[in-house]
Amino acid sequence: MTWAWQLTHGKDEALPGVTPYGNEDALIRDVVKAVEEGKARSGHSPRVLVIGALGRCGRGAVDLCVKAGLSGIIVSDKRSITRLLTQYLTAL
């Protein structure tokens, strides 16, 4: 939602507070609406990175993105970060 807000309002205007949603469908509708507004302004979908994607919160974030119709979600977890760091440090 921040991505779309910054595209439509500029980076100097803060995203207003978000209140709890009554249900999942209401949240998904708001996310879809924000993504569509951002896509109309930018001409492309947002790129999404979920750190901790295998944890409880991360799985929920990925699930929300999928339900909102986003694709190409970049997922990261402790194992993948450890593997990448090991490869990087070994290459030094």
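The values are calculated or read from the model by the stated rules, or taken from the named source; none is laboratory data. Computed from a predicted structure; not experimentally measured. Cβ: placed from backbone, ideal geometry, glycine included. Neighbour counts: every protein chain shown.
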All positions within segment 25-46 that are β-branched (Val, Ile, Thr) and either under 11 Å from residue 4 (Cα atoms) or surrounded by fewer than 13 Cβ atoms within 10 Å (Cβ to Cβ) (or both): 31, 32, 35
Those residues of segment 1-23 which are of a type in the set (Phe, Trp, Tyr) and under 15 Å from the mean Cα position of the chain (by Cα), in sequence order: 3, 5
Filter result (surrounded by 11 or more Cβ atoms within 10 Å (Cβ to Cβ), of a type in the set (A, V, I, L, M) and not in a strand (DSSP E or B)) within segment 67-92: 68, 70, 73, 81, 84
Lone qualifier among 49, 89, 70 - being among the hydrophobic types (A, V, I, L, M, F, W, C), modelled with pLDDT of 85 or more and farther than 16 Å from residue 1 by Cα: 89
Test set (1) of a type in the set (A, V, I, L, M, F, W, C); (2) modelled with pLDDT of 90 or more; (3) within 16 Å of the chain's Cα centre (by Cα) - residue 26 fails condition number: (3)
